[in-house]
Amino acid sequence: MRGLLYKNFRINFSSCLLILITAFVCCASIIAVSIVSGADFIAENDGALMFAVLYYFVFMMPSLTSNLLFESDESRTASAFAMSLPQCSKGHIESKYWYILIQYLVVLFITFLTDTVTYGILGGTFSAAMMLVLIFCFRLLISAIEIPFVIRFGSQKGIAIKGLVIAFIVMLVLIYLMFGDISWLINSDDPIKAFMNLVKSGNIIFPISLFPFFSIAAYWLSCKISIIVFRRGAENYEQ
């Protein structure tokens with residue numbers, strides 16, 4: 001497994017470097033804004049929203065570069081080699097999942113450090129820790145849904161499937177905004193703060209606390225499904 005992980009990181013070194021550079025640039029920007037603008041920027045302007053957008057963009061990077069991870073192995077020769085390994089296709093697929101998970105964990109660690117620094121700079125008036133956990137779990141869940149389709153149908157079709165998944169999620173959000181209770185949003189001048197207060201409220205804290213376990217379980221189940229469909233997907237690859 002360590003050899004397969006090394007192969008993934010070695011082949012995708014430029015993607016890993018891009019993710020790290022993006023993470024450091026975005027997090028450095030957040031720290032710089034916190035130093036220059038102070039707590040008033042968070043309280044009176046859209047500072048929290050800007051932080052949320054930057055943090056989410058950082059977590060999107062592993063997903064944006066994941067297609068390169070699978071595209072490099074989309075040939076019958078590479079698939080035959082993977083199935084000839086001692087770990088067989090199981091080790092091949094699991095190494096991909098570990099690779100993506102490690103990237104997410106590294107990003108989570110960097111953003112947690114950034115949030116700790118900004119929390120001190122802003123005098124303890126704002127923390128994005130809960131937001132970061134939710135973004136991490138959400139992106140992990142998206143990857144869990146996307147990867148089996150990529151392995152079964154290829155990375156190019158996987159991009160289209162990813163678009164369908166995102167469109168479905170957006171549709172669910174729009175349905176909730178049209179028919180759900182959004183008084184907490186309409187009556188607030190700070191949507192991000194209102195959302196964080198909703199997350200911490202007693203009405204929703206229990207389902208939110210289960211979300212990380214649900215995401216991890218979905219990611220594990222996704223890996224098992226990908227192992228099963230890998231051979232069928234390999235049959236569609238060109239030489």
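The values are calculated or read from the model by the stated rules, or taken from the named source; none is laboratory data. Please read all numbers here as calculations on a predicted model, not as lab measurements. Here the Cβ is made from the backbone with ideal geometry for all residues, glycine too, and neighbour counts use every protein chain on show. Calculation scope for accessible area: heavy atoms of the full protein, side chains included, ligands and nucleic acids excluded. Shrake-Rupley method; radii C 1.70, N 1.55, O 1.52, S 1.80 Å.
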**Asked** Does segment 26-39 contain any residue that is open to solvent by less than 30 Å² (accessible area, probe 1.4 Å), in a helix (DSSP H, G or I) and modelled with pLDDT under 85?
**Response** yes
**Request:** Scan segment 40-72 for residues that are under 26 Å from L101 (Cβ atoms), among the β-branched types (V, I, T), at pLDDT below 85 and buried (at least 18 other Cβ atoms within 10 Å of the Cβ) and jot them down.
**Result:** T65
**Request:** Select from segment 88-104 the residues that are open to solvent by 20 Å² or more (accessible area, probe 1.4 Å) and within 17 Å of L141 (Cα to Cα) and list them in ascending order.
**Result:** E94, W98, L101, I102
**Prompt:** Among the candidates F206, F149, F195, F153, which residue alone is modelled with pLDDT of 80 or more, open to solvent by 70 Å² or more (accessible area, probe 1.4 Å) and aromatic (F, W, Y)?
**Reply:** F149
**Request:** Filter segment 105-138 for residues that are surrounded by 15 or more Cβ atoms within 10 Å (Cβ to Cβ), touching a Phe, Trp or Tyr at 6+ places or on another chain (Cβ under 9 Å) and farther than 18 Å from L49 by Cα and give the result.
**Result:** V107, L108, I110, C137
**Prompt:** If we keep just the residues of segment 2-29 that are without any contact (Cβ under 8 Å) to a residue 60 or more places away in the chain and among the β-branched types (V, I, T), which is nearest to T114 (Cα to Cα)?
**Reply:** V25
